[in-house]
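The values are calculated or read from the model by the stated rules, or taken from the named source; none is laboratory data. The model shown is predicted, which means the values in this text are computed figures rather than measured ones. Ideal geometry is used to build each Cβ from the backbone, glycine not excepted, and the neighbour counts take in all protein chains shown. Ligands, DNA and RNA are stripped out before the accessible areas are found, and what is left, the full protein with its side chains, is counted by its heavy atoms. Shrake-Rupley method; radii C 1.70, N 1.55, O 1.52, S 1.80 Å.
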Amino acid sequence: MKNKYSIFSLIKNAFSHHENWGMAWKDPAPKKEYDAVIIGGGGHGLATAYYLAKKHDMKNIAVVEKGWIGGGNTGRNTTIIRSNYLWDASAGLYDHALKIWEGLSQELNYNVMFSQRGVINLAHNLQDVRDLKRRTHANRLNGIDAVYLNTQEIKKFCPIINTSQDIRYPVLGGTLQRRAGTARHDAVAWGYARGADEMGVDIIQNCEVKGIKRNEDTVEGIETTKGFIKTKKIGVVAAGHSSVIANMAGLRLPLESKPLQALVSEPVKPVIDTVVMSNAVHAYVSQSDKGELVIGAGTDDYISYSQKGSHDIVEGTLNAILELYPIFSRMRMLRQWGGIVDICPDASPIISKTSIKGLYFNCGWGTGGFKATPGSGDLFAHTIANDEPHKLNAAFNINRFVSGDLVDEHGAAAVAH
Amino acid sequence: MFVINCPYCGEREQSEFKAGGEAHIIRPKQPTELSDDEWAEYLFMRKNIKGVQFERWNHAHGCRKWFNVVRDTSNDAIKAVYKMGEKPPTY
């Protein structure tokens, strides 16, 4: 690696007041033709390009991004990483990602600030308790670390939670995945971009796709704001805008795009050293390294691409947060924003070939795609390079909506997305 | 967050309503004769338009009636509201 980051490069650059660091990635003009083009320069798209170059020896590829890399949902999520999903297919997919997360900073030579601080999922009623215990057992059968904690153990692990039994949604227990945690979202995009660029991938920003050219059932290239780019393989990783790209190719997807909101507070001293999710009351909270509380809210129920959600959703989330953490009652919120998430009817993603040769979709991650970024990129790269899914993403094909073989994480109660 | 003009109750906050998704999806006349592909198309595949969309809404915390809305999903601006069974306006 040309510009390997290390303690020595840090010292060396200190002598020039850190003004001479090299660019982490280039800003190339698009070539006329690529072996593959990835549409969407978020974490998943950049990871796909990185693994195509690294593991499948496809170096003549490009990532096209309509804005700037990591400016979409990669920069808008609450950075939670976990793999404690109920169904076998999901457990395999998300734990594959978690295993890559565990060595990612070293692999990329880029600190993604992966912090395995644990994730708690709270139970507030007897059905939650039964569901979460069932999920704990399912996780352990799949080799995923999971423990069930009672109320006192929850209180011990996270002392600021209000465990009084006379509140509206009392804490009856919860699950803990210790390997779960958070990572720095921007660093993930930047780390993958730097790694992909190093291997010759062209990262083309401010380049919006306007059309997909096909010859009957085969793709020939894409029309962009920077001209026509010829290619035989197109991987679409456009999150909330997946349906927009699909429409250009004359495809229909089982997706609905909705606003999902998050907010951060003013920065304070360390007060919560884990991630606590409460699926029944839809509130989750962690604390960033800057000290801000990072709070995730729910989705609006209507389709929208406006990147802003309803205030009543935020109000409902904050009501729940305040009841669970009375200590936050005088915190002020600093920022609030929305991202557009593409949700499948079964709340599981699509990493799949399509009926059009050379056109691949990686979409439907809904409200929980960040945690899967490395695994998603790895498996999508495999699917594009071999024109066949990897065994870990075979269940996440687009045809499951025809066969009925859904991966119904929506129905797997008490699983937050 | 926006205001919807319910054709029965007048202008109310969006939070009083439940979104019902894409409108004018026609229920199959002969469900027993549908292929798996046709079922998938009817049940799951959606236009998910960025731009002017025809959709159904229910005034869940009001009159509880269903009606149709024409809304631009890129900025949430409502173009028209019309009752169930009425001819959709052209956009």
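Remarks
- Those residues of the range B:1-34 whose amide nitrogen sits under 11 Å from the label point placed on B:I78, 7 Å along Cα→Cβ: B:2-18
- The mean sequence distance of close C-alpha pairs (under 8 Å, at least 6 residues apart), as a share of the length of the range B:3-83, puts its relative contact order at 31 percent.
- Under 15 Å, Cβ to Cβ, from B:C63 - net charge with Lys/Arg +1 and Asp/Glu -1: +3
- Between A:E220 and A:M199, the FRET efficiency estimated from the beta carbon spacing at R0 = 25 angstrom works out to 0.45.
- Mean residue ellipticity at 222 nm, helices only, the protein assembly as shown: -7500 deg cm²/dmol; runs of at least 4 DSSP H residues each add -39,500 (n - 2.57), and the sum is divided by the number of residues.
- Take the Cβ atoms of B:E13 and A:F8, set R0 to 56 Å, and the FRET efficiency comes out at 0.40.
- A probe of 1.4 angstrom, applied to the heavy atoms of all protein chains, finds A:K213 with accessible area near 90 square angstrom.
- Here the Kirkwood formula puts the hydrodynamic radius of the range A:306-363 at 15.1 Å, using every distinct Cα pair.
- For A:K233, neighbours were defined as the other residues whose beta-carbon sits under 12 Å from its Cβ, and their charges (Lys and Arg +1, Asp and Glu -1) total 0.
- With the simple model of a label 7 Å out from the Cα in the direction of the Cβ, A:D166 to A:H137 spans 3.6 nm.
- Sites A:K99 and B:E86 - FRET efficiency at Förster radius 56 Å, r taken between beta-carbons, to 0.05: 0.50
- Percent of C-alpha pairs per 5 Å bin in the range A:259-322, short distances first: 4, 18, 26, 22, 17, 9, 3, 1.
- Centre separation in Å (Cα based) which lies between the range A:279-330 and the range A:89-125: 22 Å
- In the assembled protein chains, B:R12 presents an accessible area of approximately 80 Å² (probe radius 1.4 Å).
- In plain terms, if you count all Cα to Cα distances in the range A:277-385 and split them into 5 Å steps from zero, the share in each step is 2, 10, 16, 19, 17, 13, 10, 6, 4, 2, 1, 0 percent.
- Taking the C-alpha atoms only, the angle from helix A:373-386 to the longest principal axis of chain A is near 30 degrees.
- The order of A:E102, A:E256 by accessible area, most exposed first and with a 1.4 Å probe, is A:E102, A:E256.
- The range B:3-83 pair-distance distribution - Cα-Cα, 5 Å bins, rounded %: 3, 14, 23, 19, 15, 12, 8, 5, 1
- Ellipsoid semi-axes for chain A, based on the Cα gyration tensor and the rule √(5λ), read 35, 26, 20 Å when sorted largest first.
- Angle between chain A longest axis and helix A:43-55 axis [Cα atoms, degrees, rounded to 10]: 60 degrees
- Over 30 Å between alpha carbons, listed pairs A:K308/B:K79; A:K31/A:K371; A:K210/A:K353; A:K156/B:K18; A:K290/A:K391: A:K31/A:K371; A:K156/B:K18; A:K290/A:K391
- Straight-line cross-link partners of A:K269 among the aspartates and glutamates, defined as a Cα under 12 Å from its Cα and at least 8 positions apart when in the same chain: A:D289, A:E292.
- Acute angle (nearest 10 degrees) that the helix A:88-108 long axis makes with the longest principal axis of chain A, alpha-carbon atoms: 70 degrees
- Centre-to-centre, using Cα atoms only, the range A:192-208 and the range A:221-245 are separated by 15 Å.
- Rounded to the nearest 10 Å², the accessible area of A:R335 at probe 1.4 Å: 110 Å²
- Shape class of the range A:169-262 from the alpha-carbon gyration tensor: oblate, with a/c at 1.5 or above and b/c at least as large as a/b.
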